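Peer 1: Have a look at the structure that comes next, please.
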Amino acid sequence: MKRFYEAVTSEPVDDRFAIQLDGRPVKTPARNPLHLPTAALADAIAAEWAAQDEDIDPATMPLTALAQGALDQVAKDRERIAGRIAAFADSDMLYFRADDSQQALADHQKERWDPMLDWARQRYDVDFKLIYGIKHQSQSDETINRLSAAVNAQDDFALAAMLSLVGLAGSLVVVLSLVEGAYDVDTLWPLANLEELWQEQQWGQDELAMATRELKQAEFNAAARFLTLSRR
């Protein structure tokens, strides 16, 4: 799409903030007003629109896309989307550990991942079953229910960010620790990629894998930034 506007502004509307292009309010693909919860998020999204050249490139507007997801998808189908996020309570990457045949990796996982699980145990009063090898074991109903409640307590904008984050990290505990401010994004991304980074240390780097990870990291950072900016 060609750029069709000159000026981009963010304006207060009741208790929200709207993006305007040449004085006209922006709407989402589902024709909902692009009304945002904070001035900080509105300013950041306005900056994405202002940075467009002759052609509008949605790939360079991750905050806009996440806001559209919150307004068009989460608000309309909140229960299903929260359920998709909460499903990781029973399949969190942090539960799965290398077996005795990879003891060095298992030790590394324990050293790096156990403190995060300890944080979650204390924060949510839950316990976890660690899984060695490939055979799945379900977590307790109490653990699943309490972590699910933590997901459902979030607002629509946080859920939009969390849906992206949990898909990239493969871990609900990682995402909740970011939501709660227990860990920062720079600490969490290497933990979410621990096994891949470990394999690189053992066997050398793969350029394609590195490029893919860098793209995912940019998405992870954008969703984490969206989460921060959307909070009042």
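The values are calculated or read from the model by the stated rules, or taken from the named source; none is laboratory data. What you see is a predicted model; the values in this text were computed from it and never measured. Glycine also receives a Cβ, built like all others from the backbone with ideal geometry; neighbour counts cover every protein chain displayed.
Peer 1: Please determine, by comparing only the residues of the stretch 16-37 that are free of Cβ contacts under 8 Å to residues at least 24 places away in the same chain, out of contact with any Leu (no Cβ under 8 Å at 6 or more places or on another chain) and under 14 Å from residue 5 (Cβ atoms), which one is surrounded by the most Cβ atoms within 10 Å (Cβ to Cβ).
Peer 2: 20
Peer 1: Checking the condition under 26 Å from residue 215 (Cβ atoms) and either touching a strand residue (DSSP E or B) at 6+ places or on another chain (Cβ under 6 Å) or modelled with pLDDT of 95 or more (or both), which residue from 147, 117, 130, 194 passes?
Peer 2: 194
Peer 1: Across the stretch 114-171, what is the total count of residues that are part of a helix (DSSP H, G or I) and of a type outside the set (Lys, Arg)?
Peer 2: So the count comes out to 34.
Peer 1: Another question about this same structure. Quick one: residue 182 ticks every box in (1) surrounded by fewer than 22 Cβ atoms within 10 Å (Cβ to Cβ); (2) within 17 Å of the chain's Cα centre (by Cα); (3) closer than 25 Å to residue 65 by Cβ except a single one, so which number is it?
Peer 2: (3)
Peer 1: Quick one: count up the residues across the stretch 22-70 that are charged (D, E, K, R) and either within 23 Å of residue 231 (Cβ to Cβ) or modelled with pLDDT under 95 (or both).
Peer 2: Selection size over the stretch 22-70: 2.
Peer 1: Assess whether residue 92 counts as being surrounded by 16 or more Cβ atoms within 10 Å (Cβ to Cβ) and under 27 Å from residue 202 (Cβ atoms).
Peer 2: For residue 92, the condition - surrounded by 16 or more Cβ atoms within 10 Å (Cβ to Cβ) and under 27 Å from residue 202 (Cβ atoms) - is met.
Peer 1: May I ask you to list the residues in the stretch 26-55 that are in contact with a helix residue (DSSP H, G or I) (Cβ under 6 Å, 6 or more places away or on another chain) and of a type in the set (Val, Ile, Thr)?
Peer 2: 28, 45
Peer 1: Here is a further query. For residue 5, all conditions in the list (1) hydroxyl-bearing (Ser, Thr, Tyr); (2) more than 22 Å from residue 155 (Cβ to Cβ); (3) surrounded by 18 or more Cβ atoms within 10 Å (Cβ to Cβ) hold save one; what is the number of the exception?
Peer 2: Evaluating residue 5 over (1) hydroxyl-bearing (Ser, Thr, Tyr); (2) more than 22 Å from residue 155 (Cβ to Cβ); (3) surrounded by 18 or more Cβ atoms within 10 Å (Cβ to Cβ) leaves (3) as the failure.
Peer 1: Yes or no: residue 99 surrounded by fewer than 21 Cβ atoms within 10 Å (Cβ to Cβ) and modelled with pLDDT of 95 or more?
Peer 2: no
Peer 1: Which of the residues that make up the stretch 109-127 are aliphatic (A, V, I, L, M) and either outside the structural domain of residue 93 (by TED's automatic domain parsing) or in contact (Cβ under 8 Å) with a residue 40 or more places away in the chain (or both)?
Peer 2: The answer is 116, 117, 120.
Peer 1: Next question, about the same structure. In the stretch 192-230, which residues are in a loop (DSSP other than H, G, I, E, B) and surrounded by 14 or more Cβ atoms within 10 Å (Cβ to Cβ)?
Peer 2: 193, 230
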